[in-house]
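For reference, the structure discussed in these notes is given below.
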Amino acid sequence: MATTLSQAYRDTTLQLKHIIPLDFHSIHELPESHAWTQADEISSEKRACQTRVEEEPSIPVIDLSSPTVVELVGSACQRWGMFQVTNHDVSLSLVHDVEAHAQRLFALPADRKIKALRSPNGATGYGVARISSFFSKLMWHEGFTIMGSAVEHAKELWPNEYEEFCDSMDNYQKKMKSLAHKILLLILKALGLDEEDQEMTSSAYLYQSEGALQLNSYPSCPNPNRAIGLAPHTDSLLLTILHQNDTNGLQIFQDGMGWMSVPPVSGALLVNVGDLMHILSNTRFPTVYHRVVPNETRHRFSMAYFYGPPTDSIVAPLSKFQFPRFRPVTVKEYIGLKSKHLEKALHLLRIS
Ligand code: OGA
Ligand code: NI
């Protein structure tokens, strides 16, 4: 039987020392466990060129019904690895409904949320970010991950009224999957794949492609300058589609410039290139190194949908690239490499 995404993650046996997030409601001072220095946060290579935080990067906002959408997507992927989309056919009422469920979940008392904890070798459930084990400090963040069904965990949170939550998450994931599918086709076109190639590549990738939904909560923080919401990382799969509530916090790293804020655009969804797309595009499209910083007064919520090919399929630079820069890898193997080596995983696949 084919491996599912949640199995691929379960098989990575991440040893999370602290899977239980802090009880943020009861904390009024930043504890030492959550006070970061730059040395805790960033690899030395990136630290060397970290300079300043720019306020307004011009991440393009692309109308998906534009007649030049392929060119717009192609140039945004090449320049930023990121763009915002409007006219995406995901109703705002659904987005807000999912956000409201997330808020309700994270507002539960800590002892209730712990009942839905992700197990150390599990994929779905409440807990700290998966990348936590790579850092000695803890993040000002709590998350709820959904891979496959959330029923078992949602029942622990709301024994009698879990269905509404699950229906809403299922609807949202369906919508995200079809939007991701659509965007993937645009990106493949922008990479110059003709219709026939596209059909081959996309049929393998799309019919049983898999996704995961991550609900993120970043409570207001008593000392945001010393805390980190989500430590710097790249996303592993092909694409991520992110909704951020109206609270700033997301930043992307640009070589030579440092960290730049990506403020939310009302009604738009943010799309970013992940590691597998970086491989597929033979480095033409950069995978985006990003982090979240907390806010002193506002509570940030976000929903990230990660989209990738079936876990047993092989990802390699498209055959049109004469000099492939990565060796082929299965999605499952890549997830394993990433869980062991984090940002060094991509380098391990480089062949030139
Ligand atoms: C993630 C992520 C950004 C955010 O979940 O991988 O980068 O704004 N989230 O929460
Ligand atoms: Ni991310």
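The values are calculated or read from the model by the stated rules, or taken from the named source; none is laboratory data. Computed from a predicted model, the values in this text were never measured in an experiment. Neighbour counts run over all protein chains shown; Cβ positions are idealised from the backbone, glycine included. The protein model used for the area step is the full one, side chains on, heavy atoms only, and it has no ligands, DNA or RNA in it. Shrake-Rupley method; radii C 1.70, N 1.55, O 1.52, S 1.80 Å.
Some observations on this one:
- Lone qualifier among Arg284, Arg291 - being modelled with pLDDT of 95 or more, of a type outside the set (Ser, Thr, Tyr) and more than 16 Å from ligand 2 (Cβ to nearest atom): Arg284
- If the condition is being outside any helix (DSSP H, G or I) and either among the basic types (Lys, Arg) or open to solvent by less than 10 Å² (accessible area, probe 1.4 Å) (or both), then segment 68-83 contributes Gly81, Met82, Phe83.
- Selected residue (criterion: most open to solvent (accessible area, probe 1.4 Å)) from residues of segment 131-186 that are under 30 Å from Glu71 (Cα atoms) and of a type in the set (Gly, Ala, Ser): Ser178
- Odd one out for Leu337, checked against (1) closer than 16 Å to Arg130 by Cβ; (2) surrounded by fewer than 18 Cβ atoms within 10 Å (Cβ to Cβ): (2)
- Qualifying residues in segment 240-261 (those that are among the aliphatic types (A, V, I, L, M) and farther than 24 Å from Glu99 by Cβ) - the one surrounded by the most Cβ atoms within 10 Å (Cβ to Cβ): Met260
- Test: Pro264 is free of Cβ contacts under 8 Å to residues at least 24 places away in the same chain, more than 14 Å from ligand 2 (Cβ to nearest atom), open to solvent by 20 Å² or more (accessible area, probe 1.4 Å) and at negative phi: yes
- In segment 164-180, the residues that are at pLDDT 95 or above form Cβ pairs under 7 Å with partners that are part of a helix (DSSP H, G or I) and surrounded by fewer than 19 Cβ atoms within 10 Å (Cβ to Cβ), at six or more places apart or across chains, as follows: Cys166/Val151; Ser168/Asp97; Asn171/Leu94; Tyr172/Leu94; Lys175/Leu94.
- The criterion of being among the aliphatic types (A, V, I, L, M) and within 27 Å of Lys174 (Cβ to Cβ) does not hold for Val329.
- The residues in segment 88-137 that are in contact with a Leu (Cβ under 7 Å, 6 or more places away or on another chain), part of a loop (DSSP other than H, G, I, E, B), at pLDDT below 95 and over 17 Å from Val292 (Cβ atoms) can be counted, and the count is 1.
- Test: residue in segment 283-300 that is farther than 30 Å from Ser261 by Cα and open to solvent by 40 Å² or more (accessible area, probe 1.4 Å): no
- Within segment 77-91, being touching a Lys or Arg at 6+ places or on another chain (Cβ under 7 Å) and among the hydrophobic types (A, V, I, L, M, F, W, C) holds for one residue alone: Val90.
- The one condition in (1) in contact with a Cys (Cβ under 6 Å, 6 or more places away or on another chain); (2) part of a helix (DSSP H, G or I) that Trp140 fails to fulfil: (2)
- Any pair with Cβ under 8 angstrom, 6 or more apart, that starts in segment 65-87 at a residue that is closer than 25 Å to Asp255 by Cβ and in contact (Cβ under 8 Å) with a residue 12 or more places away in the chain and ends at one that is outside any helix (DSSP H, G or I) and of a type in the set (Lys, Arg): Cys77/Arg284; Gln78/Arg284
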